[in-house]
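The values are calculated or read from the model by the stated rules, or taken from the named source; none is laboratory data. This one's a predicted model, so the numbers in the text were calculated from it and none came from an experiment. As a convention, Cβ positions derive from the backbone with ideal geometry for all residues, glycine included, and neighbour counts pool all protein chains shown.
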Amino acid sequence: MAVSRSDVPQISNSSPTHSVETWSDSKIPALLFMSAFAQFAFFTYLTLNQPILDMWGFRPAQTAASVPYMLHEGAWFANVVPIFGKPWVLALEFPLYQWCVALLVKISALPLDASGRLVSAFFALATMWPAFLLGKSLGLGRRFVLILGALWLFAPLIIFWGRTFLIETTIVFLSACWLAYYVRFLKSASYWNLVAAIVFGIFSAAVKITGFLPFVVIGFIYTCFFIWVRRAHISALLFNLVLAALAVGVSVIAFRLWGKFGDSFLVENPLASHLRPQNLMGHYLGTLADRMRTELWDWAVRRRVLPETLGAAWFVGLYGLVRIGPFNRWFWAALTLIVGFLSAFVFFPKLHTIHAYYQVENALFIVAAIALIVEALLRKERKFEAFAILAAIMVGQLYSFYGGFYYEALRSDLRQHPYYLAGKLLQDRTQSDSVVVGFGMGYGADVPYYSNRRGVILGNWFSTAAIREVLFDDPDRWLGGRKIAAVVDCRVFRAQAIADGLKPLRDELVRDLAGKRTRVTGSVYGATTSPQQCDVYLSGN
């Protein structure tokens, strides 16, 4: 039997420095939030019908590729991402986000790309709901949530990645819901809150564990605090604590089950097997040396992530933390949020160094820490300092956005991207049941997605033996009887350009096609080669 809230002493939400919040106290935060929302909505609308090739493409197209197969072939669980050959499945993450996109496409008849952007933007905004629930549980009112929302939507990172075809905002929403209901269960012992925490935890772990884990860190720290405050009545809380642990334990089981399901498809294909977790553990988790590198803490965190999240004046937040002082309980709450933010880099150092979009998953913690610092100063009646810090951070965010990479990237016409142009060329000049082989694009699904063709996209790190098995030794088996209609070799990003070791394989494929080359030249902001182009070799048969 669960212990009711009245059975144990509660943490008071009042403090000597707490002032009663009125609607007038929220006027400025509300105005800031509406301004941030308007800007975010504007850029979402501005880019709504742009191809989903933001930054360098790759991951958005991989995410989107499975949706047509859900709608037309009923592949709702086994994500069809046709870039390696049979069984054509790449079920790395539970496809909840893709389900939402497919549902929006079905009920609205909106284009797929626009639907994906809208769903991502929706979850970016919807994250304020669990933030409100969590704030309410901790004695924080609407003012805090409005400040948090404004900082969140003003962040250059969120303006850009929050409206891309990615699952990042979805995992933030799910994980924040888990944390909100987890805390609510500990405080109220309500079974409804426990059930909600379990459900959101299952989805969070299955959708993307890298985003969920830092929220678990925050939940663990809160649990330690909760136990310490109630240590005199710990025996009465044991059953509830076991139930709370269940909300985490079931999530672990969900993660393992989905991972096993996805791996059952990866192991079936020689190319896809390169992506099995045991083959990429060093990439996912890194090494101790990776966690100590200057590249991670100085370049990735200090020079890139903090300015892209809090703007050029991010260091002003440190002044605010010092001003509220360690004798204020909100100091420790803000410090906990900072620990949660930094834990993502400790858990996954390589991922956060290489990929610019991963920081969406933990950005909420650092903006919440700033919002909490501002709220604490307002409660101490230090309004000038509070709003000066808030103004400095937000002006820095706007400066970093409009003066940085993301604004210029948003302004670029992605219909001129070589991947998009090559995809449309292939759609016009190849048979719908044919296969496209791609080089120089990592293992991104961009060209297959925009050509509406299945593909075999070869990253430089794929073994020659695996490539030969799929394309030369037994193509009927791995391509399902489909014929190779084209070979595409793109030079847009220097790091992805075809390796010397793969050039003989490309040349052999081109000879077998016995066709002519068509060179597609385009432009994309942020490219690292010039000119940016794709050579398309079409079958002469």
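Some notes on this structure:
- Subset tally (residues that are within 14 Å of residue 312 (Cβ to Cβ), out of contact with any helix residue (DSSP H, G or I) (no Cβ under 8 Å at 6 or more places or on another chain), touching a residue at least 24 places away in the same chain (Cβ under 8 Å) and not β-branched (Val, Ile, Thr)) for the stretch 369-402: 1
- Qualifying position, being farther than 30 Å from residue 311 by Cβ, surrounded by 24 or more Cβ atoms within 10 Å (Cβ to Cβ) and hydrophobic (A, V, I, L, M, F, W, C), among 65, 150, 75, 102: 65
- Residue list for the stretch 228-284, restricted to those being surrounded by fewer than 19 Cβ atoms within 10 Å (Cβ to Cβ) and outside any helix (DSSP H, G or I): 230, 267, 268, 276, 280
- Given (1) surrounded by 14 or more Cβ atoms within 10 Å (Cβ to Cβ); (2) closer than 21 Å to residue 159 by Cα, index of the condition residue 333 fails: (2)
- The residues listed here are 517, 491, 482; of these, the one that is basic (Lys, Arg) and at pLDDT below 95 is 517.
- Within the stretch 64-150, helices (runs of 4 or more DSSP H) holding 1 or more residues that are touching a Lys or Arg at 6+ places or on another chain (Cβ under 8 Å) and either at pLDDT 95 or above or among the β-branched types (Val, Ile, Thr) (or both): 66-73, 112-126, 128-137
- The number of residues in the stretch 408-426 being over 14 Å from residue 520 (Cα atoms) and surrounded by fewer than 16 Cβ atoms within 10 Å (Cβ to Cβ) comes to 3.
- Checked against the criterion of being crowded, with 19+ Cβ neighbours inside 10 Å and basic (Lys, Arg), the stretch 496-509 has at least one qualifying residue.
- Sole exception among (1) among the charged types (D, E, K, R); (2) touching a Lys or Arg at 6+ places or on another chain (Cβ under 9 Å); (3) not in a loop (DSSP other than H, G, I, E, B) for residue 511, by number: (2)
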